[in-house]
Structure formats: C-alpha cells, structure tokens
1. Taking only Cα atoms, what is the 0 to 90° angle, nearest 10, from helix 233-243's long axis to the longest principal axis of the chain?
2. May I ask for the distance between the Cα centers of region 296-358 and region 103-145, given as a whole number of Å?
3. Can you compute the modelled spin-label distance between Arg112 and Trp58, with each label point 7 Å from Cα toward Cβ, in nm?
4. Quick check on region 149-189: take the gyration tensor over C-alpha atoms, sort the square-rooted eigenvalues as a ≥ b ≥ c, and tell me if it's rounded (a/c under 1.5), prolate or oblate.
5. Separation between the Arg349 and Arg391 pseudo-spin-labels, each 7 Å from Cα along Cα→Cβ, expressed in nm?
6. Tell me the trypsin sites (Lys or Arg not before Pro) within region 376-444 that lie in a loop according to DSSP and have at most 16 other beta-carbon atoms within 10 Å.
7. What is the distance, in nm, between label points placed 7 Å from the Cα along the Cα-to-Cβ direction at Ala92 and at Arg307?
8. Any chance you could look up the accessible area of Ile215 with a 1.4 Å probe, heavy atoms only, rounded to 10 Å²?
Amino acid sequence: MTSAPLAPLLGRRAAPTNVEADQLADARDLFPGGVLGGNALPDGCAFVVSHGAGGRFWDTSGNEYIDYVLGSGSLFLGHAHPRIQAAVAEQAGRGTHFFAYLNETAVAYGRRLKPLVRCAERMRFTTAGSDSTFHAIRLARAFMGRDRIVKFEGAYHGVHDYAQVSTSPGSEVPFPTAVPDTAGIPGHVADLTLVAQWNDIESLKAILEAHGREIAAVIMEPIQRILSPKPGFLHAVRELTRAHDVLLILDEVVTGFRYGLGGAQDYFDITPDLATYGKIIGGGLPVGAVMGRADIMEQADPAQKGRPSYVYQNGTLQGHPLGCAAGLAMLDILSEEGVYDRVFALADRLRAGLQEIFDRHRMGVVVFGEGPMWHFLFADEAPSNYRDIRRSDLGKLRRFEAEMIRNGLFVLPNNRRFVSIAHTDDDLAATFAAIDHCCRALLA
C-alpha cells in the first residue's frame, strides 16, 4: 500500500484564525471546560465546527476533517444528506412542534418502524437514547414489581442515575458492585444496579441465582461499545433471563438500523422484551424510541392513570415532526438495494488497511470491530471485556489519537469509531495516508 501526501488543510495545519480563536475564548467563558458536553479534545486539538458534508466537516479556520465520530453515530447517512434536508424543510413548512399529541408524521413513522423491529408490539417515541433507557427501566420495574437491574461493566446506557454506573470504572472492584461514574448519584440509587462481566455468562448466572427475585431486568448492548459478543453469549443471556423470570432490555441505541433494517435483533437473531433506540432513527435529529411487548408497554396508557400499575412516560418533544420526517427519509435511503453491503465492505477495507499500516510500522496495534464500527488498541489481541481494554496501553492510545485529530481524522478518544454510508474510497485513501504519517510521527 502506497502512502499519498496529506490533503491540503486536512486537520490542524496551523494556529487557529482570529475568528476561531475568539470563538474558543468565548466558549471558555460560556461553558464549563469550554465544551458543550462531557468530552473535551486533547490539548492543541480544539476547534469549532463550521459545517459538514458527507463524511467530512470543516472548522471555522477552514481546516478539513474526515469524521469518524458522526454525531456519536447518529449520522449514519453522513452530514447534510440532501434527502434529509429536503424532508426536514418540507415538514418545517407544515409545522415544527405539536407537543406529545398525535401528528401524522409520527404516526406514519411508527407504522414504518413496527414491522422492522422484532419485539415492537407497541412503541413510544422519546427524544434521545438516554430517555429511552430511562423509560425502559421504569417500565420493567413496574411490570415486574422489582427494583434492581443488571448491566455489564463497561456498558453505556445514558446519563441518568440508574444507568451511569460502572461504565468506565478506574479500578477493578468485585462483581456485582456498581461504581458511580459521576458525583451526584445517591449511594442507595447506585446500589439498585448490579454489574456483571461482559462475555462471561457465568458472571451473570451467579448474580441471577443470588438476586433473581430482586431483579426486574437485564439491560445490555448487543455490541458493547467496542466489544463484540462471543458466539452464543447473547442467546445465553436471553435463555438465562427467561429461566429466572427477568426481563431483557436490548439497548439498540447504537446498533439499531446500523446493522440492517432489523438492527441487532435480526443481525444476531435475538428477541428481547424491550428495546431502546436513539442515534440513527431520527436521521440525525434528536429522536429515540422504546419498543417492546404490548403487555409491558400498555402500562403507559394514559387511561391507566390513577392505578398502581400506571407508568408515566412523557416528553414535550416526543414524536417530534421534524425528527420523524427525517427518520422516514432515512428508512427510504437505507431500504435501497446494496446500501448495507457497501458500508460493510468499506468498513472491512478500512480495518484491513489500518492493520497493514500498523503492522508495517511494528506499532503493536490490533484493529478490530464489526460491521460499520471500528477501533484499535495497543494490545496483542482484540478485547473481550472492559478489563481487557484497561490492560491495554491507553496512554499510548491517547497520544496517537491526538495525532490523528491534528492530522484530520476526527475520532472520539478511546471510543468506537463509525463508518457512514457517505464515506468514500477517497476518504479511506486519505485516512491511510494520515495514519501512516501519525505512525512516523510517534516513532520519531
């Protein structure tokens, strides 16, 4: 594989312009840490996004980046897809918001979604993946009359108190102890979550045998962050939950519609009791959903208000017409012949090309991933659980990722990367050239 020169202005090639420097200064004055959320870029890599198109975006200094973050995966179609733009513009001309009452776009979108999702006897729209997992856990607890849930170490299920434990613990504590990821979570709330080892069915079995009568549900990502399931693991979880009369919540916020129109449920041939969605299903806009068994979902019927079994589930922007219009356009695009074959093949070529470059430079890196997601670690083999990730050389990874961003490959540090249907062979060629440059820079 030959290395091409870096494209002009790909990545941070010079100091920010005065305009971008002022914007960065304003951000430091306006926002905690000078950022909009919980992630900050490495020193020397900060930028302000101006606009995006396809698989790339530009900062306000004019520098160009190939985007492998893609709105944390929500932009499976890439930036500024013209059919998404057209759908949103058309709906905006007819109204943008009608509270959480029925609107025809939401009904049409629900009608399209239901036959695609195995478990979707009933559904409720939400505004984000965190909303979805929060409401799914509430529904499960009400239905089962139990308070505890089980999650897997290293899994991320949103920002609410019931989910944000043991996502990235800094030390190895005995299972099933939960470690809060943030200050502000009451201890007795964290204690309601039990933690198992991903890809270790015996870990989950021990928890269910010891605490099964207290547990409402097991919640899991079918592909946990950067960790693929071992053969048979997902089905073993499904069998265990049934055997112990515990609900299974499949968190498809990341995998839904990324692995086919049937998501992970079809891809892995598994049917949960409830499934949660976000990211892709709004076509890049803030839309999510909870879908599942009718008897569980019907607890949220407003006609049940006043009864002990009623579950309040609401949100001002649920069924948002703009997001539902974008979602309908997204389904049309993903239903076209060959779309998934192309993006899967592109991701395969990306992983293979990266591994060849790392091997040529003897970097001690393993590249891995499944379908339209990829990652790499400074390790001997792909990890099977969160503790394998912690044992890799994360310091070297951080230095390499900073070099990637400076050279125009936008990645979320120490997290999975996404391939969109808008990425091209030219993007891959530029990525390989940039990675080769990064390897040489770090070796030097």
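1. Orientation of helix 233-243: about 10 degrees from the principal axis.
2. Cα centroid to Cα centroid, the span is 10 Å.
3. 3.1 nm
4. Because its axes are fairly even, with a/c under 1.5, region 149-189 counts as rounded.
5. About 3.6 nm separates the two model spin labels.
6. Answer by residue number: Arg391.
7. Roughly 4.3 nm, to one decimal.
8. Result for Ile215: roughly 0 Å² accessible.
The values are calculated or read from the model by the stated rules, or taken from the named source; none is laboratory data. Everything numeric here is computed off the predicted structure, so don't read it as measured data. Reconstructed Cβ throughout: ideal geometry from the backbone, glycine too, with neighbour counts over all protein chains shown. When the accessible area is computed, the model is the full protein with side chains, heavy atoms only, and any ligands, DNA or RNA have been set aside. Shrake-Rupley method; radii C 1.70, N 1.55, O 1.52, S 1.80 Å.
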